[in-house]
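A.B. asks: The structure follows.
The values are calculated or read from the model by the stated rules, or taken from the named source; none is laboratory data. These figures come from a predicted structure and were not determined experimentally. As a convention, Cβ positions derive from the backbone with ideal geometry for all residues, glycine included, and neighbour counts pool all protein chains shown.
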Amino acid sequence: MPGPDDLAALEAEREAADRAYNDALTRLDRAVQQLPTDFPHPPPVPDEHQVTPLNTLWKIDAHRPRGFGRGFVAAVRRAVAPLFEQQQAFNSAMVDHVNRNVQVARQTREAMATTLDVLRGTIEDLIRFQNLLVLFAQQITPYVDTRDRDVAGLLRGLSGAINSVADELMKRSDAMLTRDRRRELGMLDLEARIATLQKELVALRRSIEEGHRT
């Protein structure tokens, strides 16, 4: 890892990080999903064209003849009655089955249409989220650069303030040293004067003592 003073290495590291970030952002942008153009549609509605005729024609209605031959027809009817009953039971079951399946087909189509609507809405929401995520990622670099400029400005201001304080402290220190030097010189001068006075006092005392002796 480069040191804080290795500007060339720091710049190279920053450029490498920018390239890696841009590559990752490009891959993220390419991974955004798109709604398929062939997204399935709900199935068509059930074919009910023949449902109404089936519900009206399923019952066998044998008309009773009049006049000549009525007895013969009655005999034939009695002979084929079991077949008519069986056919009518079949027709009834078939019509009931068709009616039930038409209802099931309607509900199935409605369920599939609702499911496709929910699925389409979910995919569209996911696509919107992915687009917002890409836009957010694109704003990271400008945001960081802005923060870097703010920090750099704060550091420059702080450096200026520190330099001002350092200059002021240096001036005060020089003034204090000057005063201390003056005091030291004053003390030396005072000590010299005191020493001179002491010598003069000693000389004066000797003179007085010698005058007494004479």
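A.B. asks: How many residues are modelled with pLDDT of 65 or more and either hydrophobic (A, V, I, L, M, F, W, C) or touching a helix residue (DSSP H, G or I) at 6+ places or on another chain (Cβ under 7 Å) (or both) if we restrict to the stretch 70-79?
C.D. replies: 1
A.B. asks: Go through Q86, Q107 for me and flag whichever is closer than 24 Å to D47 by Cα, modelled with pLDDT of 65 or more and not aromatic (F, W, Y).
C.D. replies: Answer to the check: Q107.
A.B. asks: Additional query: Which of the numbered conditions does A12 fail, given that it passes all the others? Conditions: (1) at pLDDT below 80; (2) surrounded by 11 or more Cβ atoms within 10 Å (Cβ to Cβ).
C.D. replies: Single failed check for A12: (1).
A.B. asks: Quickly run through the stretch 95-104 and pick out the residues that are more than 16 Å from V45 (Cβ to Cβ) and out of contact with any Phe, Trp or Tyr (no Cβ under 7 Å at 6 or more places or on another chain).
C.D. replies: D96, H97, R100, listed by residue number.
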